[in-house]
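Peer 1: Below you'll find the structure I mean.
The values are calculated or read from the model by the stated rules, or taken from the named source; none is laboratory data. Source: prediction; values computed, not measured. Neighbour counts are summed over all protein chains in view; Cβ atoms, including those assigned to glycine, are modelled from backbone coordinates with ideal geometry.
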Amino acid sequence: MKYLIAVLALLSGGITQAMFVKLPDAATLKTRFNAMMLDDFIEKTKLDQQLGGIEILPIRVAIAVEKAFSTYRKQVNPADAERLQTYYPKIIEALLQDSPAAIQELKEYGLLNIYK
């Protein structure tokens, strides 16, 4: 619900300039997630395969991560899902780490401190 509110705020404020970013390939993303000890999350959501190598708006990355969390919540016990929720901003930052401007854009809209 917090995410929906943030997206609505983002859309109502308007985007002055669309900034597409090219994400690393799936293997690179999987390596990043493995380093974060998120093997189970990636295996269940296939987020690395969905986003690897594509060109995308940063807001769409945040939406994809939210959808991945929704998928993950349905497959694990609630305590595990709740614990992992704190990784939300870290996952987005791992996906966008090659584009600091994209991370900054999402921070400005408050999308990286939703689950803190």
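Peer 1: Determine which member of the set Ala68, Ala102 is aliphatic (A, V, I, L, M), out of contact with any Ser or Thr (no Cβ under 8 Å at 6 or more places or on another chain) and either closer than 20 Å to Pro24 by Cα or at pLDDT below 95 (or both). Working first, answer last.
Peer 2: Numbers: Ala68 fails: out of contact with any Ser or Thr (no Cβ under 8 Å at 6 or more places or on another chain).
Matching residue, one of Ala68, Ala102: Ala102.
Peer 1: Sticking with this structure for a sec: Looking at the range 44-57, can you tell me whether even one residue there is surrounded by fewer than 21 Cβ atoms within 10 Å (Cβ to Cβ) and over 25 Å from Met19 (Cβ atoms)?
Peer 2: yes
Peer 1: I need the full set of residues from the range 55-72 which are among the aliphatic types (A, V, I, L, M) and not in a helix (DSSP H, G or I), in order please.
Peer 2: Of all residues in the range 55-72, those among the aliphatic types (A, V, I, L, M) come to 56-57, 59, 61-65, 68.
Of everything in the range 55-72, those that are among the aliphatic types (A, V, I, L, M) and not in a helix (DSSP H, G or I) turn out to be Ile56, Leu57.
Peer 1: Among the candidates Ala18, Ala35, single out the residue that is loosely packed, with under 11 Cβ neighbours inside 10 Å and at pLDDT 95 or above. If you could, list the steps in order and put the result at the bottom.
Peer 2: Details: Ala18 fails: at pLDDT 95 or above.
None of the other options fit; the residue is Ala35.
Peer 1: So how many residues does the range 59-97 have that are more than 12 Å from the chain's Cα centre (by Cα), of a type in the set (D, E, K, R) and surrounded by 13 or more Cβ atoms within 10 Å (Cβ to Cβ)?
Peer 2: Adding up the residues that qualify gives 2.
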